[in-house]
Amino acid sequence: MHWLRRLFRKEQSEKQLDAELRFHLERQISDYVAGGMTPSEARRRAHLDFGGLEPIKQQTRESRRGNFFETLFQDLRYATRLLRKNPGFTVAAAVTLALGIGANTAIFSIVNAVILRPLPYKDSARIVQISAHSAMYPTFSLGISWINLRQIRPQVSSLEQISAYYQNEKTLTGTGQPSVLSVAFVTDGFFGELGVTPELGRLLTEQDAKLDTNHVAVISHELWRDRFGDDPAVLGRTFILDKQPYVVVGVAPPGFSFPSQVQAWLPLAPSAEEQAEPEYFMLNDIATLRRGETIEKLNAQLDVVAQQTIKEYPVLSAGFRFSTTPLLTERLGNSRDAFLILLAASAFVLLIACANLASLLLARGSGRQREMALRAALGASRGRLLRQGLVESCLLALLGGGLGVALATGGVQLFRQIAPAGTPRLNEISLDSTLLWFSLLTSLLAGILFGIVPARRAARLDPNEALKESTGPSLGAARSTRQSRLGHALVSLEVALAFILIIGCVLMNLTLSRLLRENPGFRTDHLLALDLPQPRITSAADIESAIKRQINQVQELVQKIRQIPGVASVTVSDHGVLSGMMMMQANLLVDGAIPLSSKESRSANARYIYPGYFQMLGIPVLRGREFTDRDVRGGQRAVAVNAAMAREYWGTLDVLGRRISMSTDDKGGREWNVVIGVVADAREINVRDASTPTYFLSLLQGGNGGIHLLVRTHTDPDALGATISRQIWAALPDQPVTHLTTMSEIISQSLGDERLRSVLLTVFAGIGFALALVGVYGVVSYSVARRVQEIGIRMALGASRRDVLLMVIRQGLVPVVLGIALGATASFGLGRVISSQLYGVKPSDPATFLGATALVLIVACLACCVPARRAMRVDPMVALRYE
């Protein structure tokens, strides 16, 4: 409808212009006829004089355009003088806007980099990731197998290309102190699908995966800089990964690290066993949709492949299927909602700032009614007055926007420093031209938003009424009442938005507090944790010797570390506690367990532990015993289970002597482990997730995973970290030591996202609440200033000062109470949006709402008290002579 109105106005303007020109043309023709010319000669002469209508019309348009820019420049100069004349108002308004615009610009820059901006790969919008789902692992998604990859490539026509990879860690030696590299094994076409070109050398090819000796690698630009000193002769150099030589054939471009944090890329060469195993769900993938194809069509074709796979490999069960997720969505995980919540919170702060400034401009505009009336009486049109008001508000907004850019710049840099390491696309968050454009548009929008109402009121002012107000204040009573109502409405809006921010802030802080106080089920004090990465053994012939070698290394390390002064006890597991990961075993056979339906499969988390693990961590043994030095390889195969597994699988804790089978021997027969103990539940993956069914195996009986050391100390655990590392290197010179930290720090880092959200929401809620209180104070002060004579009359008729005080506070709290009611109603609805981010607290927690209501009312009363005390000190005699 807006473009229709503009078109209509343009046509009307053109018609008016044509009518004016034709009027002058006809008058000239009449003059020539009166001078003795024939009508045809007079018309031809007049057209020659005018030179045709179009040049004249163009000249008139240019004149009007020039007048528009001339008057606009005059409005800008006048607005600048007004702002310079009132520095207090200008500074207060600019700072208020800077807070709102700065918060929005900073958060938008982050959201733009993380969510809105395409991934830095070729045709990233068409790249998807395919996951497998199985009844064996009902709670999470799986990668795909080599069998799946071979089926999908020729059968799924919706895909242009598909490549596979998996990420792992390898120990780098021979270039200084041993360290761990994050590496990715990739198939052919991986780099081409992402549109990567090398900085130096070449990328991996299909032929590289067929080489048995002199393995090749592409290294990241960062590894080239840090380990090889930007040496251009790095091509052809050899470095050692897990005691295997690799030749550098290429250097990736700066900034490329897909998948996350990868430092080297190696050719993916699977063994024959891996290629034939239908349950080898170890491959991640990237697939590119053909142009014009949809994810729905792709999923339909994948369903056909899944059904074919079930028929060929019945071991996968009937629940096997595929799903497709855009790569950007996969990279973001659960972070999208959190970022959008922060963006909404910053938008609320900007709206509060705009409402606050609208109230200030309304109050300021009441003092300029006579000026506007004189301008209108002297011929200024309503459009000119409206434009002048908007120019002033937009100029003020641009000034606040400039300060907001400075705040946003610092805010983005601060966010990068305090954001958790796992924040998606953290290295891509930067300041760019988008920030400036967003700030400019936000400033102009804010200027129009908070300036349109005061400008329209000034433009619609009746000059006669405004000029008469100087002779009798009662003539402006109706206008003052309308303005007061509008001011109260703006205050209610500010309080409602601030109340929503306070509720969100309190809920997030309660979530963080309860997570920090959550008992993980074991002692976390004086506990040091560190990882000793081990090479991955894939050959069946090497597994037995690798297990024996690892058992000997673990026993030696435990003895050495126990002898360090200040060490109380040491234990080992195959991976870290509260590390965010866990090994899961499916297709368990459980002796005497509660029956399951035919479609279900038993699965549980698995952990290899060293004797004394439960005692050292302080996990109670509820039944039986824990592992000892006698539970070694070749003896009775033992297993311990937690209470969650005992209750879910057997329905009781009295399960000693029951058997569990999770593997087969060389002849295909089942290997059974006897339950020797039941332990209390402890949180294994993270603080948020409750304990799930878990069984424990003795590290001395097997295991070919990593080595995770847990050291209980008598003194500060941080002080012993360097000593423990030296003891490890003395025994194993090429062994890297990683993730050396205390358990308290592990818990703190695992809650980094919650802490970041709590801090940002607290800042936004504080700013919004402060601005809302300024709005309450401003409206009440304006109301008191306008009602001095009325208050004087009340006091002259017998009203006490206490009555005046209570009247002003009561009237000031009316819009506050209305705002609280609106904010509480909105908070109940918005609580569902943030419910997934909460822990241990409900979105409609009564204590939170009551506390927020009490806080807002108490502080609002204090804000009303200052103008109320000013009102109660009014002298009735002076007030009666007012104006």
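The values are calculated or read from the model by the stated rules, or taken from the named source; none is laboratory data. In this text, all values refer to a predicted model and were calculated from it rather than measured experimentally. Reconstructed Cβ throughout: ideal geometry from the backbone, glycine too, with neighbour counts over all protein chains shown. Accessible surface areas use protein heavy atoms only, side chains included; no ligands, DNA or RNA. Shrake-Rupley method; radii C 1.70, N 1.55, O 1.52, S 1.80 Å.
Could you list, in sequence order, the residues of the stretch 392-438 that are small (Gly, Ala, Ser), in a helix (DSSP H, G or I) and open to solvent by 40 Å² or more (accessible area, probe 1.4 Å)?
Gly402, Ala406, Ser433 - these are the residues of the stretch 392-438 that are small (Gly, Ala, Ser), in a helix (DSSP H, G or I) and open to solvent by 40 Å² or more (accessible area, probe 1.4 Å).
Go through the residues of the stretch 150-164 one by one and say whether even a single one is modelled with pLDDT of 85 or more, under 29 Å from the mean Cα position of the chain (by Cα), surrounded by fewer than 18 Cβ atoms within 10 Å (Cβ to Cβ) and more than 30 Å from Asp734 (Cβ to Cβ).
No, the conditions are met nowhere in the stretch 150-164.
Answer yes if at least one residue in the stretch 810-821 is more than 26 Å from Leu351 (Cβ to Cβ) and free of Cβ contacts under 8 Å to residues at least 60 places away in the same chain, and no otherwise.
yes
Any idea which of Leu99, Leu83, Leu76, Leu119 is open to solvent by less than 80 Å² (accessible area, probe 1.4 Å), at pLDDT 70 or above, in contact with an Asp or Glu (Cβ under 8 Å, 6 or more places away or on another chain) and among the hydrophobic types (A, V, I, L, M, F, W, C)?
Leu83
With respect to the numbered conditions (1) farther than 29 Å from Gly706 by Cα; (2) touching a residue at least 24 places away in the same chain (Cβ under 8 Å), which one is the sole condition not fulfilled by Ala233?
Looking at each condition in turn, Ala233 falls short on (2).
Would you mind telling me which numbered condition in (1) open to solvent by less than 60 Å² (accessible area, probe 1.4 Å); (2) at pLDDT below 90; (3) assigned to a loop (DSSP other than H, G, I, E, B); (4) not hydroxyl-bearing (Ser, Thr, Tyr) Gly657 fails?
Failing condition for Gly657: (2).
Write out, first by first residue and then by second, each pair whose Cβ atoms fall under 8 Å of each other, whose residues are 6+ apart or on separate chains, and whose first residue, in the stretch 474-499, is open to solvent by less than 30 Å² (accessible area, probe 1.4 Å) while the second is at pLDDT below 55 and not charged (D, E, K, R).
Pairs that qualify, where the first residue is open to solvent by less than 30 Å² (accessible area, probe 1.4 Å) and the partner is at pLDDT below 55 and not charged (D, E, K, R), are Gly476/Ala466.
With a cut-off of at least 2 residues that are over 29 Å from Ile594 (Cβ atoms), name the strands (runs of 3 or more DSSP E) lying wholly within the stretch 660-721.
Ranges flagged: 707-713.
Mind counting the residues in the stretch 729-757 that are open to solvent by 30 Å² or more (accessible area, probe 1.4 Å), touching a strand residue (DSSP E or B) at 6+ places or on another chain (Cβ under 7 Å) and either part of a helix (DSSP H, G or I) or charged (D, E, K, R) (or both)?
The number of residues fulfilling the criteria is 1.
Does Ala217 fit the bill of being among the aliphatic types (A, V, I, L, M), part of a helix (DSSP H, G or I) and in contact with a strand residue (DSSP E or B) (Cβ under 8 Å, 6 or more places away or on another chain)?
So Ala217 fails the test.
In the list Gln307, Gln301, Gln275, which residue meets the criterion of being part of a helix (DSSP H, G or I) and either within 16 Å of Pro326 (Cβ to Cβ) or in contact with a helix residue (DSSP H, G or I) (Cβ under 6 Å, 6 or more places away or on another chain) (or both)?
Gln275
Is it true that some residue in the stretch 630-649 is modelled with pLDDT of 90 or more, of a type in the set (Val, Ile, Thr) and within 30 Å of Ser317 (Cα to Cα)?
Within the stretch 630-649 (the criterion being modelled with pLDDT of 90 or more, of a type in the set (Val, Ile, Thr) and within 30 Å of Ser317 (Cα to Cα)), the answer is yes, since at least one residue qualifies.
Please work out which residue is farthest from Ser158 (Cα to Cα), limiting yourself to the stretch 266-316 and to residues that are among the charged types (D, E, K, R) and open to solvent by less than 60 Å² (accessible area, probe 1.4 Å).
Taking the candidates together, the pick is Glu274.
So is Arg562 of a type in the set (Lys, Arg), loosely packed, with under 13 Cβ neighbours inside 10 Å and at pLDDT 90 or above or not?
yes
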